[in-house]
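Here's the structure, in C-alpha cells; my notes come after.
The values are calculated or read from the model by the stated rules, or taken from the named source; none is laboratory data. Computed from a prediction, not measured in an experiment: that's the story for all the values here. So basically every Cβ, Gly included, is an ideal-geometry build from the backbone, and we count neighbours across all protein chains shown.
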Amino acid sequence: MATAQYTVLLTGASRGIGLHLTKHLLLGGKTVYATCRDPSNAKSLQQLKEEYSEKLIIEALTVNDEESIKTLVEKLRNNNRTFNVLINNAGIYSTMQKETLLNSTKSSMLGTFEVNCVAPMLITQHLYNAKLLEKNALIVNISSIMGSIQGTTQAKRGVSYCCSKAALNMFTKMVSIELPNVCSISVHPGWVITDMGGENAPVQPDESASGIVKLIDTFDPKTQNGAFLQYDGTVLDW
Ligand SMILES: NC(=O)c1ccc[n+]([C@@H]2O[C@H](COP(=O)([O-])OP(=O)(O)OC[C@H]3O[C@@H](n4cnc5c(N)ncnc54)[C@H](OP(=O)(O)O)[C@@H]3O)[C@@H](O)[C@H]2O)c1
C-alpha cells in the first residue's frame, strides 16, 4: 500500500482467518472495521476490543443479506468513514456434507455462491457507489486454490465451493480492470487450521494472517493488480 496507516473493512471477523487478520492488522497499527454476523457472540473479537479500543470497531454484517450490507454502508457513510482496504474474507465451504459433482444440489450451489461470490460483489458495489473506497483502495478477496481451474486435475469434493471460488477469482479480475482507482487481488490463505480447514491443516492461522497483511503492506498496483496470490506471495495459476 502506498500509505502505511490504512483503514480496513473486513468480513467474517468472528473466528478463523478473519479473527487472526484483525489481530495482525491491529498489531501493525491499522484501523480495523471488523464485521461479523453477531457481535455480541464474537467473544474473541470482543476481547481484542478491550486491548485496541480505539483502532478496532466491531460492526454487524451478514454478508448474504443485502439489507444488512445496505444498513452498514449507510451507517458508515453517515459517519464519514472511508476505507483503503476491503477484505472479503467471510466464506463457507459448502452447505452439504460430502458434496460431489453427482450429488450437489441447486440449494447447495446457490447457498455457497451467495456467501462466497455474490456477497463480495455486492459489498464492493455498495461501498464503491457510496464513495466509501479511497483512491487506490485495495480489495482483497479471500479465495482458495480449490477455485483454480488450471490446478484442477482430479476429482474434487465441495463442488459448490470450488466453483464459487473460481467465480470469485473472475470477479477479482474484473474489478482490477473495470473499476477506476481500485485494485484487487485474490488470495489463497493456505490450508489453515480453522473450523473450516480442520485440525490437520499444515498452516497456523497466525502464519497465514501475517502473510496476508504483508501482502497488503507491500502491494504493488503496477505488477500485482488482478493477481491470484498465495498468502506467502507465491503467484498462483488461475
Ligand atoms: N481454512 C482454510 O484452510 C481455507 C483454505 C482456503 C480458503 N479459505 C477461505 O478463507 C476464508 C476464511 O475461512 P476460515 O477457514 O477462517 O473459515 P471459518 O473458520 O469457518 O470462519 C468463517 C468465517 O466466515 C463467517 N461467515 C460465514 N458465513 C457468513 C455470513 N453469511 N455472513 C457473515 N459472516 C459469515 C463466519 O462467521 P460466523 O462465526 O458467524 O459463522 C466466520 O467468521 C473463507 O473465505 C475460506 O473459503 C480457508
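Data overview
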| read-out | value |
| --- | --- |
| Residue, farthest from the ligand (Cβ to nearest atom), within segment 106-121, restricted to residues that are touching a Gly at 6+ places or on another chain (Cβ under 9 Å) and farther than 13 Å from Phe171 by Cβ | Thr112 |
| Set Gly151, Gly158, Gly111, Gly147: member being of a type in the set (Gly, Ala, Ser) and within 15 Å of the chain's Cα centre (by Cα) | Gly147 |
| Residue that is farthest from the chain's Cα centre (by Cα), among those in segment 71-84 that are away from the ligand (no atom under 16 Å from the Cβ) and buried (at least 20 other Cβ atoms within 10 Å of the Cβ) | Leu76 |
| Of all residues making up segment 14-57, the number that are farther than 23 Å from Gly91 by Cα and polar (S, T, N, Q) | 1 |
| Hey, Glu66 among the acidic types (Asp, Glu), within 16 Å of the ligand (Cβ to nearest atom) and over 26 Å from Lys222 (Cα atoms) or not | yes |
| Boolean, Val175 is within 17 Å of Leu236 (Cβ to Cβ), touching a helix residue (DSSP H, G or I) at 6+ places or on another chain (Cβ under 8 Å) and not charged (D, E, K, R) | no |
| Cross-chain or 6+ apart pairs with Cβ under 7 Å, segment 136-153 first and at negative phi, then crowded, with 24+ Cβ neighbours inside 10 Å and assigned to a loop (DSSP other than H, G, I, E, B) | Ile142/Asn89; Ile142/Gly91; Ile142/Pro189 |
| Residue tally, condition within 12 Å of the ligand (Cβ to nearest atom), among the hydrophobic types (A, V, I, L, M, F, W, C) and out of contact with any Gly (no Cβ under 7 Å at 6 or more places or on another chain), over segment 186-217 | 6 |
| Unique match (being more than 18 Å from Val85 (Cβ to Cβ) and hydrophobic (A, V, I, L, M, F, W, C)) among Cys163, Cys183 | Cys163 |
| Hits in segment 124-144 - residues which are more than 10 Å from the ligand (Cβ to nearest atom) and either buried (at least 18 other Cβ atoms within 10 Å of the Cβ) or aliphatic (A, V, I, L, M) (or both) | Thr124, His126, Leu127, Tyr128, Ala130, Leu132, Leu133, Ala137, Leu138, Ile139, Val140 |
| Segment 86-103, subset surrounded by fewer than 20 Cβ atoms within 10 Å (Cβ to Cβ) and among the aliphatic types (A, V, I, L, M), residue nearest to Ser208 (Cα to Cα) | Ile92 |
| Positions within segment 86-105 being away from the ligand (no atom under 16 Å from the Cβ) and β-branched (Val, Ile, Thr), in sequence order | Thr100, Thr105 |
| Enumeration of residues in segment 118-151 that are outside any helix (DSSP H, G or I) and farther than 24 Å from Gln224 by Cβ | Ala130, Lys131 |
| Test result for Ser176, at negative phi, modelled with pLDDT of 95 or more, in contact with a strand residue (DSSP E or B) (Cβ under 9 Å, 6 or more places away or on another chain) and not in a strand (DSSP E or B) | yes |
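Here's the yes/no breakdown for (1) in contact (Cβ under 8 Å) with a residue 40 or more places away in the chain; (2) in contact with a Cys (Cβ under 7 Å, 6 or more places away or on another chain); (3) of a type in the set (Lys, Arg):
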site: Asp195; (1), (2), (3): yes, no, no
site: Ala201; (1), (2), (3): no, no, no
site: Glu207; (1), (2), (3): no, no, no
site: Ser210; (1), (2), (3): yes, no, no
site: Val213; (1), (2), (3): yes, no, no
site: Ile216; (1), (2), (3): yes, no, no
site: Asn225; (1), (2), (3): yes, yes, no
site: Gly233; (1), (2), (3): no, no, no
